Amino acid sequence: MTMTSEWTELAGRTLACCADIAACSEVPGQITRTFLCAPMHDAHARLDAWAASLGLQAREDAAGNWRATRRSTNPTARTLVIGSHLDSVPNAGAYDGVLGVVLGLALLDALGDTPLPYHVELVGFSEEEGVRFGVPFIGSRALVGTAGELLDVADAGGRTVAQAIADYGLDVGRLDEARLTGDVLGYLEMHIEQGPVLEAEGRSLGLVEAIAGQSRLNLTFAGKANHAGTTPMHLRRDALTGASALVLAAETLARNTPGLVATVGSLTPLPGASNVIPGEVHLTLDLRHARDEVRLGALDQLLTVGDGIARERGLTFTHELRMEEHATPMDPALTALLGEAMRAEGHPASPMVSGAGHDAMLVGQVWPAAMLFLRSPGGLSHHPDESVLEEDVEAALRTSARFLRLLAEREEAR
Ligand code: HGY
Ligand code: MN
Ligand code: MN
């Protein structure tokens, strides 16, 4: 049985390991770690060290996922997967994704030699954010065996996913071996909430009942570049003012639709000179809602608005769907067990919806999935000031350890 001080010590080690991994970045002075970038090797090395001290054999699969397996004494046992992602958005915080992987290691550390009637597969997914290739979940797709269809997707520099895998030193021919086979009993992902709810309610932990669906698109408005000084306003076909009308229309629609969020995270006017009317604008649109019909209705509405703006302003408007994930409910039975563990540890287990996407929405389409949220101070994430409280890390460790025990009792009773 882990004593109180050991939980505190493990929580401290968890945060220290996250800080070590935060230093593994493509950009000095900030945290940026995209799919299969060189610093990902260093991040894996930090995890290898802790895993080795637990007698776990860590490895990288052909999709660059970090993997470590704790085998049950029962060779025919099922497998519990515990994981999250190790890639980041640009100029990120230190905990989005990483915390869930390190918590898995700390949990196995707390377990010591305690036998479990199930194997535990720890996974640090290589790509969840979709930053480099515009398509997220490459790592978790490899785990469930659907990454093959992404191999020809190219990044801004024209390198494909397959080439990125080879550049990193992996054998894309072994991608199929990344697929987790055998009898998987479920997936647990621990993750910072990345929003304001738990902090507002003064709670350490949250129980996720569903993950909002999301649509991510690339949009383009095209007009005519021309001289900023000689072109009268009524003769312009300004792609940027057209795009701006759609950006504000998206914000207005989301503000007037309960539960809908709409974000234009990137907007690039071309040619991008102060004395040239933008002839072309590329922008992204990210739409999310807990109910698919609301999200899809909003998307149709905004694409219609975009067509109308183009007609009125003499522009063309095109769009490309880069990614669509439907709203994903967490597994009721596994989530109920996690809620029981939360309550046993003194935490309310009222369910909440995740506005952020997670690997659990991909893995949860194949195996039963459950998610535990940790409070996000300031509700801040995808930002260098993202943080987590040590007391909440300790609460997550105690709760997930109890969850593992409850799961063991359930497995033994099968
Ligand atoms: O964008 C998201 O929802 C997640 O952080 N990948
Ligand atoms: Mn994220
Ligand atoms: Mn994340």
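Within segment 221-262, which residues are free of Cβ contacts under 8 Å to residues at least 24 places away in the same chain and either open to solvent by less than 30 Å² (accessible area, probe 1.4 Å) or closer than 17 Å to Leu302 by Cα (or both)?
Result: Ser244, Leu248, Glu251, Thr252, Arg255, Asn256, Pro258.
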Exercise. Mind checking which pairs have a first residue in segment 119-135 that is among the basic types (Lys, Arg) and a second that is part of a loop (DSSP other than H, G, I, E, B) and within 15 Å of ligand 3 (Cβ to nearest atom), Cβ under 6 Å, 6 or more apart or different chains?
Worked result: Arg132/Thr34; Arg132/Phe35
Seminar exercise, completed: Residue count, segment 115-167, condition away from ligand 2 (no atom under 16 Å from the Cβ), among the polar types (S, T, N, Q) and open to solvent by less than 40 Å² (accessible area, probe 1.4 Å), comes to 1
Exercise. If we scan segment 255-262, do we find a residue that is assigned to a loop (DSSP other than H, G, I, E, B), in contact with a helix residue (DSSP H, G or I) (Cβ under 9 Å, 6 or more places away or on another chain) and closer than 20 Å to Leu315 by Cα?
Worked result: no
Exercise. Would you call Leu180 part of a loop (DSSP other than H, G, I, E, B), open to solvent by 10 Å² or more (accessible area, probe 1.4 Å) and in contact (Cβ under 8 Å) with a residue 60 or more places away in the chain?
Worked result: yes
Exercise. How about segment 84-101: which of its residues are open to solvent by less than 10 Å² (accessible area, probe 1.4 Å), more than 10 Å from ligand 2 (Cβ to nearest atom) and in a loop (DSSP other than H, G, I, E, B)?
Worked result: Leu86
For this session: Report yes if Ser400 is within 19 Å of the chain's Cα centre (by Cα) and among the hydroxyl-bearing types (Ser, Thr, Tyr), otherwise no.
Result: no
Problem set entry | Matching residues in segment 126-157 - criterion: being assigned to a helix (DSSP H, G or I) and more than 15 Å from ligand 3 (Cβ to nearest atom) | Arg141, Ala142, Leu143, Val144, Ala147, Gly148, Glu149, Leu150
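Could you check segment 58-73 and list, in sequence order, the residues that are touching a strand residue (DSSP E or B) at 6+ places or on another chain (Cβ under 8 Å) and part of a loop (DSSP other than H, G, I, E, B)?
The initial filter retains those residues of segment 58-73 that are touching a strand residue (DSSP E or B) at 6+ places or on another chain (Cβ under 8 Å), namely 58-61, 65-72.
Of everything in segment 58-73, those that are touching a strand residue (DSSP E or B) at 6+ places or on another chain (Cβ under 8 Å) and part of a loop (DSSP other than H, G, I, E, B) turn out to be Asp61, Asn65, Arg71, Ser72.
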Seminar exercise, completed: For segment 8-43, the count of residues that are closer than 21 Å to Val135 by Cα, in contact (Cβ under 8 Å) with a residue 24 or more places away in the chain and part of a helix (DSSP H, G or I) equals 1
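The values are calculated or read from the model by the stated rules, or taken from the named source; none is laboratory data. The structure displayed is predicted, hence computed values, not measured ones. Positions of Cβ are generated from backbone atoms using ideal geometry, with glycine treated the same way; all protein chains shown enter the neighbour counts. Please note that ligands, DNA and RNA were not included when accessible areas were found on the heavy atoms of the full protein model with its side chains. Shrake-Rupley method; radii C 1.70, N 1.55, O 1.52, S 1.80 Å.
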